[in-house]
1. What are the ³J(HN,Hα) couplings of segment 198-214, residue after residue, when phi is run through the Karplus curve with 6.51, -1.76, 1.60 and θ = phi - 60°? Round to Hz, x for glycine and proline.
2. Could you tell me which GluC sites (Glu not before Pro) in segment 271-337 are loop residues by DSSP with no more than 12 other beta carbons within 10 angstrom of their beta carbon?
3. ³J(HN,Hα) across segment 97-109 via Karplus (A = 6.51, B = -1.76, C = 1.60, θ = phi - 60°), whole Hz, x for Gly/Pro?
4. Compare the Cα positions of Ser304, Ala204, Ile284 along the charge dipole of segment 196-338 (+1 at Cβ of Lys, Arg; -1 at Cβ of Asp, Glu; about the Cα centre) and return the one farthest towards the positive end.
5. For a quick check: sort Leu88, Leu55 by the number of other beta carbons within 10 angstrom, fewest at the front.
6. What's the exposure ranking of His191, His80, His57, His295, going from fewest to most Cβ atoms within 10 Å?
7. At a 10 angstrom cut-off on C-beta neighbours, averaged per residue, how do the peptides 47-54, 15-22 rank from highest to lowest?
Amino acid sequence: MISRIWGLATCAIVVISLAGLLVVSMIPFLRKMLMTSVLQFLVALAVGALSGDALLHLIPHSLQPHKSDNKHDDSDDATHFEGVYKGLCGLAAIYFFVIFGRLQSIIANRKRTKTNRSVKILNVDQDDSHQNKSFMSSSTEKGEEFEKDMIKIELNEIEEHSHGHSHGHSHSVPSSIPALAWRVIIGDGVHNLCDGLAIGVAFANSVTGGISTSIAVLCHELPHEMGDFAVLLTKGMSVKQAILCNCISSMLSLIGMFIGVILGNFGEANLWLFFAVAGMFLYISLVDLIPELSHVQVTGTLKSFKTLLVQISGMITGSGVMFLIAMFEDDLKTALEF
């Protein structure tokens, strides 16, 4: 049984690492607009998976009474489903306020755009000389603002998706390649160590718990790895060097997994660790990832609504997978027994 847990946890780490490499290999083939949509979907997917795993699996499991005889009865199922439904209510509240805030932002931007157009029409009605000066000044200012916006978009797409939701929360990008490499290895190493710890603790408790936590970590890792890879390439690293840095930092997730499996087998320690992992997942999703969804820069009302639909679909997909795993956990346990 112990060897099976070690094997499954190791396979989960390997699959997550390979999936990250597969995603970053697709970056050169993605257009800029498609890249933005993909990143928004992946970030929203991570929000849904991380918050879903925390509220639908980790917290309900850690609140269940621990039985030393490992006997299972109908009351356990009722308690489990009740915890899942309560977690689902919490998720619904979070998503409601996220969507409500995005709609407020879209409407406010639309009104601001209409106001700017009205001011522009009034300026056109003035005398020719003043009109030319205003036009030249406005064009220059808009050109400068456009350039600044483009720079901000590039930085947001590259830097924020890289270390915007890193556990280290260091947002400054070193100028030299060696310093940047050390930052990725150390910063991502701590990040991957925590993720590996979460996976190890989850697999020590149950296979289905390990699978759900691994999916949540995978969804979080995909946009993170894409951002890291993009930062390294834009700072002058070759593709091989960038992949090597990511591989070195990914090795620490194995160490974290080993520690997690060991700690998870100490009596009721895994129940306490579940709360810690749930807190980490909620922090990442609510503090790091949701602001990226709220502050995305999109011009035009139609594009803003399209981006919102992409984000909603990502959150529903992530949390939906977690909900299905939570509801059919016993069936999955039976199917995975070998």
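1. 4, 5, x, 4, 5, 5, 5, 7, 6, 5, 5, x, x, 5, 5, 5, 5
2. Numbers: sites: Glu292, Glu329, Glu337; in loops: Glu337.
Counting only loop positions with at most 12 other Cβ atoms within 10 Å, the GluC sites (Glu not before Pro) in segment 271-337 are Glu337.
3. 6, 5, 5, 4, x, 5, 5, 4, 5, 5, 5, 4, 5
4. Ser304
5. Details: Leu88 18, Leu55 27.
Least to most surrounded, the residues fall as Leu88, Leu55.
6. Working: His191 25, His80 19, His57 31, His295 10.
By the 10 Å Cβ count, ascending, the order reads His295, His80, His191, His57.
7. Values: 47-54: 30.0, 15-22: 16.4.
The densest-packed peptide leads the list: 47-54, 15-22.
Here, each number is a calculation from the coordinates, and none is a lab measurement. Since this is a predicted model, take the numbers as computed values, not measurements. For neighbour counting, all protein chains shown are included, and Cβ atoms are generated from backbone atoms with ideal geometry for every residue, glycine included.
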